[in-house]
Amino acid sequence: MQSDCPLISVIVPIYKIERYIGICIESIINQTYRNLEIILVDDGSPDRCPEICDLYAQKDSRIKVIHKKNGGLVSARKAGIIAATGEYIGYVDGDDWVGAGFYESLVSAMKASNADMVCAGQSRDLFEKSFRFCDNVTSGLYEGEKLKKLQTEMMSFGAYHQLGISTYVWNKLFRREVLLQHQLNVDERISIGEDAAVTYPVLMDCKRVYVTDNCAYHYRQREDSMLKSTTSFRDEQMKLRYLYEYLSAFAVEQPEEFRLQKQVDDFVLSICIIRSGGILPNHSYSAFDENFSDKKVVVYSAGTFGQQLVKRFSEQEHCEVVGWLDEDYWEYRRCCMNVDAVESVSALTYDYVLIATVIPTVAEKMKNRLLDCGVSAKKILTVHHNRADSSRLIQQYLGGSTHA
């Protein structure tokens, strides 16, 4: 291995994505950075993914294929990192793809800064559209006191709820020696927030972190991924408990100055609100800033939060949903969801419009959009953000005492 061209092991977990895996692999083998070890982990995929992986391994000597019994994403990533020999580790989800200069840019930043971890942005591809997102913290090198500040706000940045550093492992490059044990330690029962269980513990072990606005990682938002889980929130509570208890056990081992338990509380609470629709099953709490029981409501946003809201209202007869809005309504209609343009609110009769996002800056933009459509400010409800209650609310959402 040349010292000026360190080996990067790129781990690709694969399960039931035969339609996309070829595009993913092609994007990796065509990287301008050539010193790659590409590890394709077939996690017991029942389609033609195993054959496709083996075909590519015949075409490119840099490709290793692991065929294993299905064990989930965490299990697949563990198998990949055990097989990896690179100095640096990257991840690509098998239905995503990366721009040609993605890894060259990341490894250049890693080498120039002697960082243990490089954090990039992402592009979210939704049919013909692509949206770019970067971390909320400023780009550049973080070390010493500056890194400590980053570590105090990596999971809970500024106005609740925002992340300082995104949870995802796939838009990052890690030094293998810093990543390895944290990846192997992850509880394989975790199936919500798997990335967070790796990213944040690793970040706490880093001496230097470099944040870049590179958005050459393309996250593919598939039609089937746009349609969120139809299971009840009660069915997801245990999955969220596994994540919460794992992160809490990690937090308790860290110095109090990093306020990690509070960060964990805020972070997991936001997931609970989104995946429950912000409504506890016994109606003892609503995430919104005013009571709307038995009222006529319009839901604004058809993402995970909006879908869960509509589903919970249907299950519980909490209120009457008379409209569902989203800027990308046409894309959701392609998924057979009854969503309309935001402008259609003017033709509806309602008591409140519920803005389904936990991010205050996004909520403000959506509120202004409604005001431009003639909606009264008194009829617009957003998620309230009492951070002091996060620990208590976690217990209500997940049921009983939750600290490990």
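The values are calculated or read from the model by the stated rules, or taken from the named source; none is laboratory data. Values in this document were obtained by computation on a predicted structure and should not be read as measured data. Don't worry about glycine lacking a Cβ; one is built from the backbone with ideal geometry, like all the others, and counts go over all protein chains shown. Areas reflect the complete protein model, heavy atoms only, side chains present, ligands, DNA and RNA absent. Shrake-Rupley method; radii C 1.70, N 1.55, O 1.52, S 1.80 Å.
Summary table below
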read-out: Positions within the stretch 1-17 being open to solvent by 50 Å² or more (accessible area, probe 1.4 Å) and farther than 18 Å from residue 173 by Cβ, in sequence order; value: 15, 16
read-out: Close pairs (6 angstrom Cβ cut-off, 6 or more residues apart or separate chains): of a type in the set (S, T, N, Q) in the stretch 241-262, in a loop (DSSP other than H, G, I, E, B) and open to solvent by 20 Å² or more (accessible area, probe 1.4 Å) anywhere; value: 248/403; 248/404
read-out: Residue satisfying condition, being of a type in the set (A, V, I, L, M), modelled with pLDDT of 85 or more and in contact with a Leu (Cβ under 6 Å, 6 or more places away or on another chain), within set 354, 325, 348; value: 354
read-out: Options 199, 152; residue that is in contact with a Phe, Trp or Tyr (Cβ under 6 Å, 6 or more places away or on another chain) and surrounded by 16 or more Cβ atoms within 10 Å (Cβ to Cβ); value: 152
read-out: Count of the stretch 306-353 residues which are touching a Cys at 6+ places or on another chain (Cβ under 9 Å) and hydrophobic (A, V, I, L, M, F, W, C); value: 3
read-out: Tally of residues being over 15 Å from residue 295 (Cβ atoms) and open to solvent by less than 30 Å² (accessible area, probe 1.4 Å) across the stretch 329-354; value: 8
read-out: Enumeration of residues in the stretch 212-235 that are among the hydroxyl-bearing types (Ser, Thr, Tyr), modelled with pLDDT under 65 and open to solvent by 40 Å² or more (accessible area, probe 1.4 Å); value: 229, 230
read-out: Count - residues of the stretch 18-41 that are open to solvent by 10 Å² or more (accessible area, probe 1.4 Å) and not aromatic (Phe, Trp, Tyr); value: 12
read-out: Pairs with Cβ under 7 Å, 6+ apart, first in the stretch 44-71 and open to solvent by 90 Å² or more (accessible area, probe 1.4 Å), second of a type outside the set (Gly, Ala, Ser); value: 46/16; 48/18; 67/42; 67/50
read-out: Search result, residues across the stretch 103-119 that are more than 18 Å from residue 207 (Cβ to Cβ) and either open to solvent by 10 Å² or more (accessible area, probe 1.4 Å) or in a loop (DSSP other than H, G, I, E, B) (or both); value: 104, 105, 108
